[in-house]
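**Q** Here you go, one structure.
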Amino acid sequence: MSAWLTPEEVARLTDTRPRSYAAQRRRLAEMGVPFTTSYSGKPLVAASALLGGKARHMSPAGPDWSRLPGRAA
């Protein structure tokens with residue numbers, strides 16, 4: 001078993017077209033499913049997030065640059 005859901009599984013989970021990444025991200029957020037976004041915009045969902053395992057929270061917002069020295073919050 002892979003650590004990540006396949007693109008087809010994400011599409012089935014979100015009831016969207018396979019390459020409709022913006023719609024998939026929106027639907028995952030509405031469903032409260034933790035995910036991260038690849039550089040191409042594809043939502044990446046850890047299989048453990050759906051199997052009851054302990055998945056760490058992954059924010060689709062990206063990195064928190066305010067934690068770097070010299071950056072205001």
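The values are calculated or read from the model by the stated rules, or taken from the named source; none is laboratory data. Keep in mind it's a predicted model, so treat the numbers as computed, not measured. All Cβ positions, even for glycine, are placed from backbone atoms using ideal geometry, and neighbour counts span all protein chains on display.
**Q** Return yes when MET58 is touching a Phe, Trp or Tyr at 6+ places or on another chain (Cβ under 7 Å) and either at pLDDT below 95 or part of a loop (DSSP other than H, G, I, E, B) (or both) and no when it is not.
**A** Yes: the conditions hold for MET58.
**Q** Follow-up. What number of residues in the range 10-33 are surrounded by fewer than 17 Cβ atoms within 10 Å (Cβ to Cβ) and touching a residue at least 24 places away in the same chain (Cβ under 8 Å)?
**A** Total meeting the criteria: 1.
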